[in-house]
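K.L.:
Here you go, one structure.
The values are calculated or read from the model by the stated rules, or taken from the named source; none is laboratory data. This one's a predicted model, so the numbers in the text were calculated from it and none came from an experiment. FYI the Cβ positions are ideal-geometry reconstructions off the backbone, even for glycines, and counts take in every protein chain you see. Note: accessible area is taken over every heavy atom of the protein model, side chains too, but ligands, DNA and RNA are not part of it. Shrake-Rupley method; radii C 1.70, N 1.55, O 1.52, S 1.80 Å.
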Amino acid sequence: MVVGLIVGVLALCGVFQLITKITSRDPLAGLGTPVPAASASVAAPSPTWKPPNELTDPDPQTQIEYELESWVLESAGVAKPTKSSCAPPSGFNGGSAANFRCTVTYDTKAVTFEVNTKPSSSRTFTWDADTTQNVVTRAGLLSSVADRFRNARFSDLRCEDFPEVALAPTGKPLAQHCYVHIQGRDKTATIDLIPTRSRLRADTRLQ
């Protein structure tokens with residue numbers, strides 16, 4: 001009976017060890033390729049031109065085009081030849097509500113925005129825009145992640161292989177992920193990279 005009890009205890013110990021081994025396993029450790037640490041924050045690229053002054057020389061279409069180019073460049077994270085065009089109603093000056101499309105071309109990738117505007121005073125107007133996709137680049141993604149996770153709380157930052165440049169759906173995580181070890185956590189965390197209309201978002205997901 002004593003022998004049986006000892007055998008039972010040993011069996012339970014073996015089960016507990018197996019459970020501990022399974023639950024402590026880190027399946028994300030070592031995935032991807034190491035990302036070089038960022039030494040300083042990198043400013044997002046901006047258009048190489050400036051729009052007229054909004055109050056002294058208002059030009060609503062040009063102001064919108066400049067801002068939309070800025071959004072695409074910030075999402076891409078890398079400066080490339082960028083141009084824009086809008087198709088507002090004839091005579092558009094911001095003095096009445098309008099809905100129209102604008103296209104920003106980054107290198108060879110075209111991003112289409114749906115724009116809506118309305119007047120806010122005799123000389124100013126407000127507007128908003130949205131798009132279903134935006135530009136991402138390998139260099140921009142890696143630079144953004146390195147900057148976002150560069151303090152001492154984070155280590156072993158790794159990313160899967162990104163395309164050199166692509167149009168990606170907005171509001172949805174990319175198919176590729178990054179991984180990071182967070183101080184005080186036993187297991188590696190996943191970083192979901194989510195393009196938006198104006199920038200790249202990085203959300204951390206714990207195991």
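K.L.:
Given (1) crowded, with 22+ Cβ neighbours inside 10 Å; (2) out of contact with any Lys or Arg (no Cβ under 6 Å at 6 or more places or on another chain), identify the lone condition not met by Val135.
P.N.:
(2)
K.L.:
Ok, one more. Of the residues that make up segment 14-32, is at least one open to solvent by 80 Å² or more (accessible area, probe 1.4 Å) and modelled with pLDDT of 80 or more?
P.N.:
yes
K.L.:
Sticking with this structure for a sec: Keeping to segment 42-99, report how many residues are in a loop (DSSP other than H, G, I, E, B) and out of contact with any Asp or Glu (no Cβ under 7 Å at 6 or more places or on another chain).
P.N.:
27
K.L.:
Can you find a residue in segment 104-118 that is touching a helix residue (DSSP H, G or I) at 6+ places or on another chain (Cβ under 8 Å), in a loop (DSSP other than H, G, I, E, B), free of Cβ contacts under 8 Å to residues at least 40 places away in the same chain and surrounded by 15 or more Cβ atoms within 10 Å (Cβ to Cβ)?
P.N.:
no
K.L.:
Only residues that are under 21 Å from Gly94 (Cα atoms), open to solvent by 80 Å² or more (accessible area, probe 1.4 Å) and at pLDDT 85 or above: list them for segment 33-60, please.
P.N.:
Correct list: Lys50, Asn53.
K.L.:
Which condition from (1) open to solvent by 60 Å² or more (accessible area, probe 1.4 Å); (2) among the charged types (D, E, K, R); (3) not in a strand (DSSP E or B) is the one that Asp156 breaks?
P.N.:
Every listed condition holds for Asp156 apart from (3).
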